[in-house]
Every structure is written in C-alpha cells, then in structure tokens.
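Following: one structure in structure tokens, then a few remarks.
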Amino acid sequence: MQSPLQLPVQRWSTDDVPSTQRFDYYADALGSALVPMQIARKPGADFAAQMTVADLGGLAVVRQTGTAHRCFTEARDLARSQERSFHLLVNVSAPWTIRHRGHARMAPGDVMLADSQIVYDIDTATDYEFVHVKFSEGWMRQWMPSPGALIGRPIEATTGWGRALSAFIAPLSAEFLLRSPLPISVIADQIGSLLALTLNDMGPPSSRPTRSDTALFDRIVEHMRQRSTSPSLTASEVAASLDLPLRSFHRCFEKCGDTFGNVLVRMRFENGMRMLQSPLLRRLTVSEIARRSGFCDASHFSRVVRARSGHSPSQIRRDGLPTLPEAFIAGAETP
C-alpha cells in the first residue's frame with residue numbers, strides 16, 4: 001500500500017467550541033481559509049458546520065458540510081481581500097441558490113466557478129454539503145487564460161463535460177488526497193483539463209440582456225405561469241398568444257440565459273412542491289398532484305422533484321421538508 005502523502009490539512013468544526021461561539025468561530029474560519037465574507041444564520045435554527053482544507057499548492061480542496069445559513073460578500077469584503085482567487089463550487093447534496101453575475105439554483109451535482117473580486121450571495125435553505133476547490137489566479141490562467149468566460153455560469157451535472165467535471169471533483173476530500181494512488185500533480189492537472197474542456201463545451205457567454213429583453217421575458221414568464229398546469233402547452237402556443245414570431249420568442253430566452261422548457265418545468269416543479277407541502281391537500285395522491293401541476297405522468301414528476309430537491313415526493317410529504325426558495329433559475333429539464 002502506498003504511504004500516505006504529507007499534505008498541509010486544516011480542519012474546523014463547530015463541535016469544538018461552545019454553542020454560543022459557533023457562529024463567530026465559523027465566520028472567522030471561512031474568512032481565513034477562503035476569502036473575507038459575512039454569514040447569517042437562519043432564524044430559530046441551531047448552527048453547526050465543518051470544513052476541511054487540503055492545500056495542494058496553487059489550489060486547495062475544501063469540503064464543507066453544515067446546517068442552513070447564508071454567506072455573502074459586499075464591496076467592503078472585497079476591499080479586505082489580499083489577492084484574487086477563483087472558487088469552483090460543486091453541490092453534493094441538497095439544492096441551494098447563489099447570486100454571482102446572476103441568480104442560479106444549484107441542483108445536486110451542479111458546478112459553478114466564482115471570482116473573489118465579484119460579490120456573491122449563497123443561500124443554503126437546508127443542510128448542505130459541497131466540495132469547494134480554491135485556485136490561485138496564476139494556477140487558473142495556466143488552464144483558462146480568460147476565466148471570466150465561465151464565471152457565474154451554472155455548469156449542469158447532466159450535460160457534456162459538466163458531467164465529468166462534477167463526477168471527478170465530488171468525491172475529493174483531504175482523506176482521499178492523503179492516500180491518493182495518483183500523484184497530486186496528476187489530480188490537479190485533471191481538474192484543469194476538465195475545466196478547459198467544460199468552457200470549450202459551453203462556448204462564450206451570451207451578451208447581457210437589454211432592459212427591453214428583460215421586460216419581454218417577464219411578460220412571457222407571467223403568461224406561461226398562468227398556463228403552466230396545461231400538460232400540452234407548447235412554445236408555439238405561447239408565442240402566438242403574445243403575437244411574437246417563434247424565432248424572436250426563443251431568442252428572448254437565449255438572451256436571458258434560459259429556455260422555454262427549463263422555465264416551464266421549473267414552474268410545474270414549484271406547482272407540485274406547493275401542493276405536496278400543503279396540509280389542505282394531504283388526501284391527493286402523488287399522481288393527482290403531478291397531473292394538477294402540469295406533468296404528463298407521475299414518474300416524470302417524481303424524477304424532476306428528486307433531481308431538483310434531493311428528495312422524493314413521498315419523502316417531502318411525509319417529513320414536512322421546508323419550502324424551497326421561490327426565486328431561482330433552475331437547471332435544465334430532467335428527462
């Protein structure tokens with residue numbers, strides 16, 4: 001058996017301090033290990049968190065778990081940062097939302113690259129687990145001369161090279177790296193290669209939508225919301241009802257970083273979640289809720305709910321799981 005590697009590893013756990021000191025303790029840990037930031041706890045909830053950091057030189061692998069909270073940066077936090085760094089976030093468990101050059105909902109397995117010089121706001125509505133790879137600017141530019149092309153863009157775990165990137169990084173931990181059968185340099189190079197391939201796969205970011213684009217998008221979305229429970233609703237029907245050419249209709253979605261199918265499935269998912277969590281609708285079967293939400297069948301509804309919430313419809317109903325944030329941009333439609 002290969003001898004364990006000697007890597008600098010740091011560990012933080014709120015279990016090591018009195019409950020009254022946990023919040024400040026973890027805020028200081030995040031600031032020293034990652035970047036200066038602020039955190040806010042959820043009202044009425046006990047706070048707990050653990051973090052392990054393995055320094056690979058040029059990049060560090062961070063594994064984080066804990067209870068629901070919000071962490072964010074503002075202009076004053078950016079001013080305190082001593083150097084620029086990049087942060088690859090891989091969601092391992094329950095969904096959470098992030099604002100970073102836009103607003104995105106990260107489903108289990110999804111990935112996002114963040115820039116320490118741009119403010120962000122992460123809200124974990126439930127217990128979370130994610131792997132966080134921190135890169136120095138020098139290391140990042142070896143693989144991606146223009147990392148800004150990928151900053152803030154959700155990388156879905158179900159498509160293209162995003163699938164390989166997520167699958168490779170999600171199992172990484174200090175324990176694995178200390179006993180890795182491969183040289184650390186090989187693992188680091190694999191991460192860089194997958195990032196470059198992912199960027200090539202996704203292509204350049206689309207231009208920012210204008211105010212008129214956003215206004216039209218909001219109008220389309222509101223019309224779709226009124227008809228989202230119709231299982232047969234199509235893009236052509238919505239475009240025609242708004243007197244829009246179909247090409248202009250889809251171009252509006254593209255400019256706003258979304259698709260008709262993505263938005264429609266998100267609406268139906270939200271319809272279903274509200275019904276699953278309503279005490280007044282406990283007598284409805286999951287199949288009936290799926291139909292009323294706009295899904296053609298219960299199996300599709302179940303796949304979407306599990307992919308986007310991390311739980312089955314039956315678990316959500318039985319355990320009374322908390323409502324997910326309403327304002328988010330979800331991943332692609334689950335097949």
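Every number in this text was worked out from the coordinates using simple rules, so none of it is lab data. As the structure is a computational prediction, the values presented were derived from the model and not from experiment. Counting neighbours? That spans all protein chains shown, and the Cβs are built from the backbone with ideal geometry, glycine included.
Ranked by the mean number of other Cβ atoms within 10 Å per residue, highest first, peptides 97-103, 37-43, 289-295 order as 289-295, 97-103, 37-43. The region of the chain that goes longest without hitting one of the GluC sites (Glu not before Pro) in a DSSP loop, each with at most 10 other Cβ atoms within 10 Å, is 84-325.
Considering only alpha-carbon pairs that sit under 8 angstrom and 6 or more positions apart, the relative contact order computed for segment 144-292 is 20 percent. In segment 223-240, which residues have a backbone nitrogen under 16 Å from the label point lying 7 Å from Arg292's Cα in the Cα-to-Cβ direction? Within reach of a label on Arg292, which here means backbone N under 16 Å from a point 7 Å along Cα→Cβ, segment 223-240 contributes 228-231.
Overall shape: oblate for segment 110-168, with the ratio a/c of the largest to smallest alpha carbon gyration tensor axis at 1.5 or above and b/c at least equal to a/b. Across segment 1-145, the convex hull enclosing all Cα atoms gives 140 Å³ per residue.
If the segment from Ala45 to Asp15 were pulled out straight at 0.36 nm per residue, it would be longer than the present Cα-Cα gap by 9.2 nm.
For a quick check: sort Leu56, Leu233, Leu182 by the number of other beta carbons within 10 angstrom, fewest at the front.
Lowest count first: Leu182, Leu233, Leu56.
Farthest toward the positive end of the dipole of segment 211-319, out of Ser228, Thr259, Ala298, is the Cα of Ala298, where the dipole comes from beta carbon charges about the Cα centre. Cβ crowding within 10 Å, taken as a proxy for footprinting-reagent exposure, orders Leu150, Leu59, Leu281 from fewest neighbours to most as Leu281, Leu59, Leu150.
Only helical DSSP H runs with n ≥ 4 go in: add -39500 (n - 2.57) per run for the chain, normalise by residue count and round the 222 nm mean residue ellipticity to 500 deg cm²/dmol.
Helix contribution divided over all residues of the chain: -12000 deg cm²/dmol.
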